[in-house]
Amino acid sequence: MVVHDDWLLGVIAVQQVQLFLYQLFAESNKPMPPSGPKQWSHKLTGYQRRVLEGLPVAAPDQRSVTAAREAALAVFFRSRRSHGGAASPGPRRSKRASGPTSTVRGSRCRRPAPPPPPRVWLGSPDRWPAS
C-alpha cells in the first residue's frame, strides 16, 4: 500500500481485518441456532455488534487507511487474546495418529512441512563457507 501509493488496496485490507473480526466474534458465540445468510447481526452479542459498528470506515487516503487499520487491528488482537487465540495450547494430539508429528485440527490431520533442502555452495570450491 505505502510503496505503491495504492490506498484503495488499503481500504480492502482494512475491510478484510474487519471481516476477520466478525468471523472471530461469530465463531466464539457458537453453537447458535441456524440463521439465514442475511442475518449477520444475530450471530453477535450486543457488545460485539457495538464494537464492529464503532470501527472507523477507511477512505482511500493514507490517514484514513492508517487510522482504520490501527483501530481494527487493536480490536482484533485484543479480542483474539480474550477468546483464547494467543493463549491456546495448540492442536490436540491424536491417539490414532500415524506418527509423533501428526496433529488433529477438527477432523483433518496435518503434517509439518518437509525440511528445507541442503544448502549448496555455488562459490569457489577452495573457499567453502563455515557452518
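The values are calculated or read from the model by the stated rules, or taken from the named source; none is laboratory data. These numbers were taken from a predicted model, which means no experiment stands behind them. Here Cβ is always computed from backbone atoms with ideal geometry, including for glycine, and neighbour counts include all displayed protein chains.
Remark: pairs (first residue in the stretch 30-51, touching a residue at least 60 places away in the same chain (Cβ under 8 Å); second residue surrounded by 13 or more Cβ atoms within 10 Å (Cβ to Cβ); Cβ separation under 9 Å; 6+ apart in sequence or on different chains) are absent. Residues of the stretch 42-63 that are loosely packed, with under 11 Cβ neighbours inside 10 Å and over 18 Å from Ser79 (Cβ atoms): Val57, Arg63.
Residues that are part of a helix (DSSP H, G or I) and aromatic (Phe, Trp, Tyr) were ranked within the stretch 2-57; the one that is farthest from Arg69 (Cα to Cα) is Tyr47. Restricting to the stretch 25-41, and then to whatever is modelled with pLDDT of 85 or more and of a type in the set (S, T, N, Q), can you tell me which residue is farthest from Phe76 (Cα to Cα)? Restricting to residues being modelled with pLDDT of 85 or more and of a type in the set (S, T, N, Q), the top hit is Asn29. Is it true that some residue in the stretch 56-76 is at pLDDT below 85 and not acidic (Asp, Glu)? Looking for residues that are at pLDDT below 85 and not acidic (Asp, Glu), one finds at least one in the stretch 56-76, hence yes.
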